[in-house]
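Since the structure comes first, as structure tokens, the remarks are kept for the end.
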Amino acid sequence: MSESKPVVNAPKVAKAIRVIKAAAAPAEPIRLNKRMADLGLCSRREADEWIDQGWVKVNGEIAAMGTKVTPQDRVEVDKKAQGHQANQVTILLNKPIGYVSGQAEDGHKPAVVLIASGAHWQGDSSRNRFVREQLRGLAPAGRLDIDSTGLLVLTQDGRVARQLIGEDSDMEKEYLVRVIIGNKAGPPQANVQAAFPLEKLQLLRSGLSLDGQKLKRAQVDWQNPEQLRFVLKEGKKRQIRRMCEAVGLYVTGLKRVRIGGVKLGQLPLGQWRYLGADERF
């Protein structure tokens, strides 16, 4: 009896060869600041500052701005940079209506002007003491609309910013949203939940698109007859308000109460506190 030959699946073999070739191909060089951010060392902006200070070496040589590296290159960071990073602060603010998250616009003040000793919450358990140097480089890690309240994170730490708003971030953000049925402000309605169709609630959870892109699946549930709870993993401009408008709801109040593992808690409106040493997003 002749020996049978193994059956060769040509498409699978060809695919395996392509995979091997791709794995063997050397990685394209990328800018040093991106490599440092990808390694979780800092943000790109911080990396540029460290490179400018001469705190970064590649293969034992002080790196110049614009240097490109591959995964095989050895990146070293001076302890001075680590010390600088250890002194950076992250601040949690309960933003009131009327303040913009970022730069001042249309006569409205940026939320960072609220970060002053007089608005520091007395219930803050952190041992940090406010000094004006903490305002240097302090920037919002995400936005909160001018007509929304609640948790806004401002940080000097590029690692925190990347965690919250980096390209690959899928950090949960939780909101309490008061609504009425209609397309404009009107009198309070006794039981919006009872009058709102279940199929439209399902649309809010999955099925809507904004700016030509399908939205990620959201958690949306009724907290009480007039208020919804949203949990999102993305943050398009005025996303919740536009989602509600798409299903015939009008938002009369919106508060962000959680980002990742950090909650707004009892922080009073218009006041701020430091992120605790034991808190993690």
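Throughout, read-outs are computed from the coordinates displayed, never taken from laboratory work. The structure presented is a predicted model; accordingly, all values stated were derived computationally and were not measured. Note that each Cβ is placed from the backbone with ideal geometry, even for glycine, and that neighbours are counted across all protein chains shown.
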**Complete:** Taking the dipole of the chain about the Cα centre (Lys, Arg +1; Asp, Glu -1; charges at Cβ), the one of L92, L138, G265 that reaches farthest to the positive side is G265
**Prompt:** How big is the charge dipole of region 156-205 about its Cα centre, in debye rounded to the nearest 20, if each Lys and Arg gets +1 on its Cβ and each Asp and Glu gets -1 on its Cβ?
**Reply:** 320 debye
**Prompt:** Ranked from highest to lowest mean number of other Cβ atoms within 10 Å per residue, what is the order of the peptides 216-229, 247-260?
**Reply:** 247-260, 216-229
**Request:** Subtracting the Cα-Cα distance from 0.36 nm times the residue separation, let me have the gained length for R280 to S206 in nm, one decimal.
**Result:** 23.8 nm
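Can you tell me the order of 33-39, 157-163, 119-125 when each peptide is scored by its average per-residue count of other Cβ atoms within 10 angstrom, highest first?
Ranked from most to least packed, the peptides come out as 157-163, 33-39, 119-125.
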**Fill in**
Helix-only [θ] at 222 nm, the chain, -39500 (n - 2.57) per DSSP H run of 4+, per residue, nearest 500, equals -6500 deg cm²/dmol
**Fill in**
Per the 1/(1 + (r/R0)^6) rule, R0 = 41 Å and r from the Cβ atoms of K236 and Q82, FRET efficiency to 0.05 is 0.70
**Request:** Using every Cα-Cα pair within region 173-259, state what percent have a distance larger than 20 Å.
**Result:** 25 percent
**Message:** Could you tell me the relative contact order of region 173-259? Use alpha-carbon pairs under 8 Å, at least six residues apart, and round to a whole percent.
**Reply:** 49 percent
**Asked** Rounded, prolate or oblate: which fits the chain when a ≥ b ≥ c are the square roots of the eigenvalues of the alpha-carbon gyration tensor, with rounded for a/c under 1.5 and prolate only if a/b beats b/c?
**Response** oblate
**Message:** I need the calculated FRET efficiency for the pair E199 and K263, taking r as the beta carbon distance and R₀ as 45 Å, to the nearest 0.05.
**Reply:** 0.90
**Item:** Environment charge at D106 (Cβ cut-off 14 Å; Lys +1, Arg +1, Asp -1, Glu -1)
**Value:** -2
**Message:** Can you tally the net charge around D221? Count Lys and Arg as +1, Asp and Glu as -1, for every other residue whose Cβ sits under 10 Å from the Cβ of D221.
**Reply:** +2
**Complete:** Here region 94-104 yields Karplus 3J(HN,Hα) values (6.51, -1.76, 1.60; θ = phi - 60°; whole Hz; Gly and Pro given as x) of 8, 6, x, 5, x, 10, 8, 6, x, 5, 4
